[in-house]
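Step one of this worksheet: look at the structure below.
The values are calculated or read from the model by the stated rules, or taken from the named source; none is laboratory data. Quantities reported herein were computed from a predicted structural model and do not represent experimental measurements. Heads up, the Cβs are rebuilt from the backbone with ideal geometry, glycines too, and the neighbour counts pull from every protein chain shown. To get the accessible areas, we keep the full protein, side chains included, count just its heavy atoms, and leave off ligands, DNA and RNA. Shrake-Rupley method; radii C 1.70, N 1.55, O 1.52, S 1.80 Å.
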Amino acid sequence: MLGIIVFILVLGGMIVIHEFGHFIVAKLFGIRVEVFSVGFGKRLAGFKRGDTDYRLSLIPLGGYVKMAGENLDEQRTGAPDEFMSKPRWQRLLVAVAGPVMNVLTAFAIIAILAMIHFETEAYKTWPAQINAVEPDSPADKAGIKRGDLIVKIDGEENPMWRDVEDVILVHPDQSVPVTVKRGDQNIDLTLPVASRPYEQEEIGYAGFKPDVGPDAKIMVRGVHKDSPADKAGLKAGDQIIAVNSKPIEQSVQGNYDVIRAIRESNSQPLAMTLKRGDEIVNITATPQMDAGEYRLGFEQELADVPKIVTRLGPIAAMKFSLDENKRILKLTKTAIMQMFAGTRSPGKTLTGPIGILGITQEATDRGAWYVFNLMALLSLNLGIFNLLPIPVLDGGLIFMLLLESLLGVFGVPLSLRVKERMMQVGFVVLILLMGFVIFNDISKKIPSSSTPQQQQQQQQQQQPNGRE
């Protein structure tokens, strides 16, 4: 229930902010605003000030602004305070104001959050030097090796780890050009990015990992009851420091080394050296065949990954917010271009209200910090979506105004009949789009032919912190 309330407040709030942008610029240009409504449908309460009815309406999913003379089928009097009586440039700014308000809101939220608390994994800000390559992964098949420095990926030069992860994320089941520096030599490679399921979506997976810092530890996250590891005395919280007397590097590569030692054991006993608090513990465990591979029955993770935790000053926070919003826009642009190019399925790109509700519920469970970050993301995407050149959206009105200006140069008017036809087509396109995203959201909720256990095994096979 709390998730639904937060969903209404978040999505509704971002729409109201969008409409407030139209409202404030319309007022600035002296356009008569007849209604400013929070919510849709039947009027529940409100007051009238000047020419504007400020109202609270029944359906709380957003709101709207009604300006005098803005609808094509509306009877116009030619009064100077009507929308269509204003110069074209003023109408254009009114249309742009809604999306701009959403973009500014996203910018403000991220900047304020960064001034309160800024946190990120330190390795994301480091050059993309590879510490580990998973055997038989896309990176391994591409010829990428431990120690390689990624100096170019998908056209982006000298990327940080965050940049590399972003490129991989949005290229599932696609090939990406990569240039690595190995010694004094630059080598051009093609990385066949694979895909893996993540919260009912498909994201890219490469199989190479960064050096996460000198303080990392390979820890036992959990031990399965009555498994070989359990019977040998392995406990959650143990740090694995050696296998068969061979020291284990405390890194992602060390994670892979533990996995490799277990898989290649051929059911022979493994001697493991552990650190349990301040005590060194030695155990011996014999892997057993499970799902076609030798396993001991425990889960490992890489702990104590260093983070940058601080508060940013106003200037640094604004710069971070600008960079973060540009990054999100770049990822969004990439995904949309892939969709139109046919390399990405629209079903894996677009999310509707049901999907947003699910994301909101997850953010609510994780805390207010995640809810505010979601607000920024939704506000930015709402602003960009409304700039699409689809009539009935702001972008459609902007397109018609620009087209009108262009035709006016040649003395050709854009007739009311043509405008009406464009609006009708735009309305149909919008309804079809909404129908598609809602159907897409519902289809994602329907269980696939693979069981959750199979999906979990697929994910575990593609990451080192799985079941061993």
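As for the range 353-373, it holds no residue that is at pLDDT below 85, farther than 25 Å from Tyr64 by Cα and touching a Ser or Thr at 6+ places or on another chain (Cβ under 6 Å). A Cβ distance below 7 Å, combined with a sequence gap of six or more or placement on separate chains, defines the contacts here; from the range 365-386, residues that are closer than 15 Å to His117 by Cβ reach residues that are open to solvent by less than 60 Å² (accessible area, probe 1.4 Å) and modelled with pLDDT under 90 in the pairs Tyr370/Ala363; Val371/Val6; Val371/Val10; Val371/Ala363; Val371/Thr364.
Mind counting the residues in the range 210-240 that are within 13 Å of Ala303 (Cβ to Cβ), open to solvent by 20 Å² or more (accessible area, probe 1.4 Å) and of a type in the set (A, V, I, L, M, F, W, C)? Within the range 210-240, residues that are within 13 Å of Ala303 (Cβ to Cβ), open to solvent by 20 Å² or more (accessible area, probe 1.4 Å) and of a type in the set (A, V, I, L, M, F, W, C) number 2. For the range 242-251, a residue qualifies if it is in a strand (DSSP E or B) and open to solvent by less than 50 Å² (accessible area, probe 1.4 Å), and the qualifying residues are Ala242, Val243. Checked against (1) in contact with a Lys or Arg (Cβ under 6 Å, 6 or more places away or on another chain); (2) surrounded by 18 or more Cβ atoms within 10 Å (Cβ to Cβ), Glu301 meets all criteria but (2). Here the range 37-77 is the region considered, the condition is being of a type in the set (D, E, K, R), in a loop (DSSP other than H, G, I, E, B) and surrounded by fewer than 16 Cβ atoms within 10 Å (Cβ to Cβ), and the residue that is modelled with the highest pLDDT is Asp51.
Just one of the listed residues (Arg327, Arg311, Arg295) is open to solvent by 40 Å² or more (accessible area, probe 1.4 Å), more than 30 Å from Leu433 (Cα to Cα) and in contact (Cβ under 8 Å) with a residue 24 or more places away in the chain, namely Arg311. The single residue among Val258, Val243 that is among the β-branched types (Val, Ile, Thr), closer than 30 Å to Ile144 by Cα and within 36 Å of the chain's Cα centre (by Cα) turns out to be Val258.
Look at Arg276 and say whether it is over 26 Å from Gly207 (Cβ atoms) and charged (D, E, K, R). Considered against the rule, which asks whether it is over 26 Å from Gly207 (Cβ atoms) and charged (D, E, K, R), Arg276 comes out as yes.
Counting only strands (runs of 3 or more DSSP E) that sit completely within the range 292-357, those holding 2 or more residues that are more than 28 Å from Trp161 (Cβ to Cβ) correspond to 293-295.
Selection of strands (runs of 3 or more DSSP E) fully inside the range 86-203 by the criterion of at least 3 residues being touching a Ser or Thr at 6+ places or on another chain (Cβ under 9 Å) and without any contact (Cβ under 8 Å) to a residue 60 or more places away in the chain returns 149-153, 175-182, 185-192.
For the range 5-31, a residue qualifies if it is under 28 Å from Asn373 (Cβ atoms) and open to solvent by 60 Å² or more (accessible area, probe 1.4 Å), and the qualifying residues are Ile5, Leu9, Phe20, Ile24. The requirement of being open to solvent by 60 Å² or more (accessible area, probe 1.4 Å), over 22 Å from Gly213 (Cα atoms) and either acidic (Asp, Glu) or in contact with a helix residue (DSSP H, G or I) (Cβ under 6 Å, 6 or more places away or on another chain) (or both) is fulfilled nowhere in the range 265-272; no residue meets it.
Check the range 149-171 and report whether any residue there is of a type in the set (S, T, N, Q), farther than 21 Å from Pro214 by Cα, open to solvent by 20 Å² or more (accessible area, probe 1.4 Å) and under 25 Å from the mean Cα position of the chain (by Cα). Looking for residues that are of a type in the set (S, T, N, Q), farther than 21 Å from Pro214 by Cα, open to solvent by 20 Å² or more (accessible area, probe 1.4 Å) and under 25 Å from the mean Cα position of the chain (by Cα), one finds at least one in the range 149-171, hence yes.
Does Asp257 fit the bill of being open to solvent by 20 Å² or more (accessible area, probe 1.4 Å), acidic (Asp, Glu), assigned to a helix (DSSP H, G or I) and closer than 22 Å to Tyr294 by Cα?
Criteria met by Asp257.
For first residues located in the range 334-354 and more than 19 Å from Phe439 (Cβ to Cβ), partners that are assigned to a loop (DSSP other than H, G, I, E, B) and lie 6+ apart or on another chain with Cβ distances below 6 Å form the pairs Thr334/Val170; Ala335/Val170; Ala335/Thr349; Gln338/Arg344; Thr343/Gln174.
The residues of the range 14-59 that are within 23 Å of Pro353 (Cα to Cα) and aromatic (Phe, Trp, Tyr), listed by number, are Phe20, Phe40. Looking across the range 375-395, the residues that are open to solvent by less than 50 Å² (accessible area, probe 1.4 Å) and modelled with pLDDT under 90 come down to Ile390, Pro391, Leu393.
Against the condition among the acidic types (Asp, Glu) and within 22 Å of Lys330 (Cβ to Cβ), how does Asp238 come out, does it pass?
The answer is no for Asp238.
Among the candidates Phe320, Phe340, the residue that is under 30 Å from Pro214 (Cα atoms), open to solvent by 30 Å² or more (accessible area, probe 1.4 Å) and out of contact with any Ser or Thr (no Cβ under 9 Å at 6 or more places or on another chain) is uniquely Phe320.
Among the residues of this structure, Glu34 does not count as one that is in contact with a helix residue (DSSP H, G or I) (Cβ under 7 Å, 6 or more places away or on another chain) and open to solvent by 30 Å² or more (accessible area, probe 1.4 Å).
One residue stands out among those in the range 182-200 that are open to solvent by 90 Å² or more (accessible area, probe 1.4 Å) and not polar (S, T, N, Q): the one that is modelled with the highest pLDDT, which is Asp188.
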